[in-house]
1. Quick one: if the Förster radius is 35 Å, what FRET efficiency do Ser326 and Arg245 give, using the C-beta to C-beta distance and rounding to 0.05?
2. How far is it, in nm, from the label point at Tyr130 to the one at Gln176 when both lie 7 Å from their Cα along the line to the Cβ?
3. Would you be so kind as to identify which of Asn48, Phe95, Leu62 lies farthest towards the positive end of the dipole of the stretch 41-115, taking Lys and Arg as +1 and Asp and Glu as -1 on Cβ and the Cα centre as origin?
4. By the gyration tensor of its Cα atoms, with a ≥ b ≥ c the square roots of the eigenvalues, what is the shape of the stretch 204-406: rounded for a/c under 1.5, prolate for a/b over b/c, or oblate?
5. Please compute the contact order of the stretch 10-101 in relative form: average sequence separation of alpha-carbon pairs under 8 Å and at least six residues apart, divided by the residue count, as a percent.
6. Just going by the charge dipole of the chain, with Lys and Arg at +1 and Asp and Glu at -1 on Cβ, which of Trp340, Gln234, His72 is farthest out on the positive end?
7. By how many nm would the segment from Asp318 to Asn148 lengthen if fully extended, with 0.36 nm per residue of separation less the alpha-carbon distance?
8. Full-extension gain between Ser34 and Ala390, please, as 0.36 nm times their residue separation minus the C-alpha to C-alpha distance.
Amino acid sequence: MVRSQAAVPEGIQRSIAGGRYSEAADALRNLAGSAPSVAVLTALADMNFQLGDLTEAKENALKAVAADPRAHAARVLLGRVRTALDERDAALADFRAALELAPPWKPPAGGGPIAVAAHQALHNLEQLIYLERADKRPPGTLLPADPNLREAARRKLYQMVDDTSREIPTIPMGGQYGRTMADPPLVMHDEAPPAVCLNRRDDWDDVLKTFHGEGKGVACVDHLLTPEALAQLQRFCLRSTVWRRAYPPGYIGANPESGFFSPLLLQIAAELRQAIPGLLDGHHLNYWWSFVCQHQRPGIDIHADHSDVSLNFWITPDSANLEPGSGGLDMWDVAAPNDWTFDDYNSGARDIHAFLRQEKARQTSYAYAENRGLLFKGTIFHQTAACRFADGFENRRRNVTMLFRRTRS
């Protein structure tokens, strides 16, 4: 029985931060045997998961959830583990439960103005207006503000976001209007996925040859999804208010914790593993997310993924791309060194560029195209290419990323 409320010791936290997962798992396993706590069991399940030990990860995540059914981190992790095991219905139920357990958003003490990043405010404003119009709801149903005020706010926010000479500001917003802009009502678009999500094709062997051969760990797959699956994913992204994390350069993210999950997404991953066993046999879906870029603002800076194989694909219609042939992904033919930590290859742009110069790395740019996917070794360095998309909520550049890791047990 779990009685302890102990946190994960700092020494083990340092092992985790340094990427020494086996070392951390051994220490956590000893702790779980002598003084188990929800935090220790959740951390152990996470280390099991990172090491590809899915059976033990599920066992420890279940123990953590049983000990505290309201433990948000444990429930999210259990959903990820069940996704990796292809227990899709159970995984989706866990993610829904985690959404209900998410810590409630709290306004500032004293009822003062709420600080909201301008690009997050613009996205939320336009999405709520889009939903009102798409569902034929009276104006103000989702966003309680006079239409003239909403239009004035939209114009002002565009000016802030489009001024690339300075960082995007955080602006104070008051009253119910400000609360809604900071924390929009949760809307989750829900529909059954089509019977088949990936386009049927007879060139998967060619994709595999490119990946292992001249592509040097990269392969491009056009027309990835069926028209039905692509349209459904576009609807999900436009109609679900799951975009909750604003990044300073000017893009916004959604992940499973914020509601970016659906039967469609999990089916796409499952079909991909079946389509190219030569690449993904013995791998599982470890994590996924989506980013929305704001007009001409920069996207994700240079980094590598914590994966063995990554899939990045784009879903915004080509008509929104004002500079065809650009706006995709820049990739280098060099991977992160084995002794680099997650922080080293995710937030150290200066050191990464110095390393790439030292290695005489070669860059290749892959142009944006709707429904184009890139399969690549996750440790290869890459970044969002410079892009210029049309104004308007539906025209923003949207990509989906899926990370696949090797399974040990």
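Each value in this text was obtained by applying a stated rule to the coordinates, not by laboratory testing. Computed from a predicted model, the values in this text were never measured in an experiment. Quick reminder, even Gly has a Cβ in these numbers, built from the backbone with ideal geometry, and neighbours come from all protein chains shown.
1. Values: r = 26 Å, r/R0 = 0.73.
My answer for the efficiency is 0.85.
2. For Tyr130 paired with Gln176, the spin-label model returns 2.5 nm.
3. Checked the options; the winner is Phe95.
4. Working: a/c = 1.43, a/b = 1.14, b/c = 1.25.
Rounded, because the longest to shortest axis ratio a/c is under 1.5.
5. Working: 105 pairs, mean separation 18.2, N = 92.
Reported relative contact order: 20 percent.
6. Of the listed residues, the answer is His72.
7. On the way: separation 170, 0.36 × 170 = 61.20 nm, distance 3.16 nm.
Between Asp318 and Asn148, full extension yields 58.0 nm more.
8. On the way: separation 356, 0.36 × 356 = 128.16 nm, distance 5.85 nm.
Extra length available between Ser34 and Ala390 comes to 122.3 nm.
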